[in-house]
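Structure record follows, encoded as structure tokens.
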Amino acid sequence: MKLNYTFLFIIPLALIFLLDNMFMELLAPESAHGGTLISSMAKLIAGIAIGYSALFFQRMSIPMKWAFFLTSLYLFGLSMESAYKYGTFFVYPHVFLKVMIFFYSIFIYTYYKGNNYLKMSHLVFFILAGFWLNVLVVNPGALSISSFTQHERGVHSTSVYMLVIPFLYFLTQYFFKAKWYSLPMAFFVLLTIFFFQHRTVWVCTVIVLAVYYLLFRFKTDTPIGIGKILPIIGIIVAGGLASSAFLFSMHPEIITKILENFSDIENFDKQGTGSWRYNQWLSYLPFIKENLVMGMRFEGFELPIQFYRDDIDKPVFEDGYGHFFHSFYVDVLFYAGLIGLSLFLWQAFYAIWKALRVKRLNENQIIMIAFIISGFVFGISYILPAYYYGILGLTIVLLEEDEPDRTSYLREFATRRKRQLIALRERLIPS
């Protein structure tokens, strides 16, 4: 029997996925919550990412070469500033990591640009296996009705957000390939996303579905007929009736909890965790405005905690460890300013531009670009997870793989011009 070893090509991407708390709680339960092991691994992988990208620089397209060059230039400037002010090239790793994480996408891009053998199914089942192992082994109590009604989610928001990829995968398998098990699997993953009650992930799922539909509608030749819509409606109606007849009637507190969640989304600045984030943003907004272009960098790390708890009139976090924001945008703007944010946007906008420019997208391209766009919403409430950058790098590879080879194009163009000249000569000089 011949074995298929293509699953091994998931290893570089898996290294970045392992930085998520979901996997760390499985691999090193004692170290995961403290963050020390994750931080050390993040720096190590960042170093590997920079070295590998520099070594295989020639694989990159011109826009990605510019992404590598500009990010390296910013990192070099940060190192020089550290040496000048503090006498060491790497004074606060916490600050450096805000920029070094952008190399994750460049690293994954560079690797798969030369080794694009990864199958989407391998990534999907890697995510699902890690997620359910975490739930069953580390957080088994998170599956109870009481944990839902008491909002004891157990699983981190970034881990639930990861499930958007399997959800889109199974949905795409249903629409593109009409596999019978794909639709129930898609609904199962969607129900899992709903159950763990991360409201930001709910919003992202709605956004990603809207983007997915638009890409499916305008960037593919696959029609969405009534035959494919009816089973979806049937599952929704059957699930709704079953829930009303059994679950909701036995546990009416579930309805109350769902209504509270939607109220928290609607009034994000006044209640729930949204108000906590909103007050944190306001606490740091003056410093962001004063350092909008360049950010505060090392001075930001040394700045005392500005976010106080009203009930005890003390800082929410301990001084001397940097600032921990619940927003990607606030985090980057505070430490690296608009220049730092533009390093991310360079890669993300390039991926979106490529998707818009391609006349027809395949199923994997649609899944990836829809997920990348949803990150702009997720980043409002949370720091973008490390694996997001890995997905971004892989997305760019997938979008570039349909580009025509320039040498072949020039050869074809020269042949066509030669034929035109021969035809013109025959008309001007009849035999």
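The values are calculated or read from the model by the stated rules, or taken from the named source; none is laboratory data. Every value quoted in this text rests on a predicted model; they were computed, and no experiment measured them. Virtual Cβ from ideal backbone geometry, glycine too; neighbours counted across all protein chains shown. Just the protein is used for accessible areas: all its heavy atoms, side chains included, with ligands, DNA and RNA removed. Shrake-Rupley method; radii C 1.70, N 1.55, O 1.52, S 1.80 Å.
Starting from the Cα of Trp180, step 7 Å along the direction of its Cβ; do the same at Val206; then give the gap between the two resulting points in nm.
The modelled label-to-label distance comes out at 3.5 nm.
Going by accessible area, probe 1.4 Å, with all protein chains left in place, what is the ranking of Lys219, Lys289, Lys85, largest first?
If we order Lys219, Lys289, Lys85 from most to least accessible, we get Lys289, Lys85, Lys219.
On a full-extension model of 0.36 nm per residue, what is the gain between Thr88 and Leu73, subtracting their alpha-carbon distance, rounded to one decimal in nm?
Length difference between fully extended and current span is 3.6 nm.
Can you tell me the length gained on complete extension of the stretch Leu292 to Leu191, counting 0.36 nm per residue apart and subtracting the Cα distance?
Contour length minus the Cα-Cα distance gives 32.3 nm.
Give me the accessible area of His198, 1.4 Å probe, in Å² rounded to the nearest 10.
About 10 Å², rounded to the nearest 10.
Given the whole protein assembly as supplied and a 1.4 Å probe, what does the accessible area of Trp66 come to in Å², nearest 10?
Trp66 has an accessible surface of roughly 120 Å² with all protein chains in place.
What figure in square angstrom, to the nearest 10, would you give for the accessible area of Leu143 with a 1.4 Å probe?
The accessible area of Leu143 comes to roughly 80 Å².
Which of the three applies to segment 351-406, rounded, prolate or oblate, going by the alpha-carbon gyration tensor with a ≥ b ≥ c and a/c under 1.5 meaning rounded?
Verdict is prolate for segment 351-406.
Restricting to Cα pairs below 8 Å that are 6+ residues apart, what does the relative contact order work out to for segment 19-107? Please round to a whole percent.
Relative contact order, segment 19-107: 31 percent.
By accessible area of protein heavy atoms, probe 1.4 Å, what ranking do Ser182, Ser381 get, highest first?
From most exposed to least exposed: Ser381, Ser182.
What distance in nm lies between label points placed 7 Å from Cα along the C-beta direction at Asn116 and Asp221?
2.0
Put Arg297, Arg59 in order of accessible area, largest first, 1.4 Å probe: what do you get?
My answer, sorted largest first, is Arg59, Arg297.
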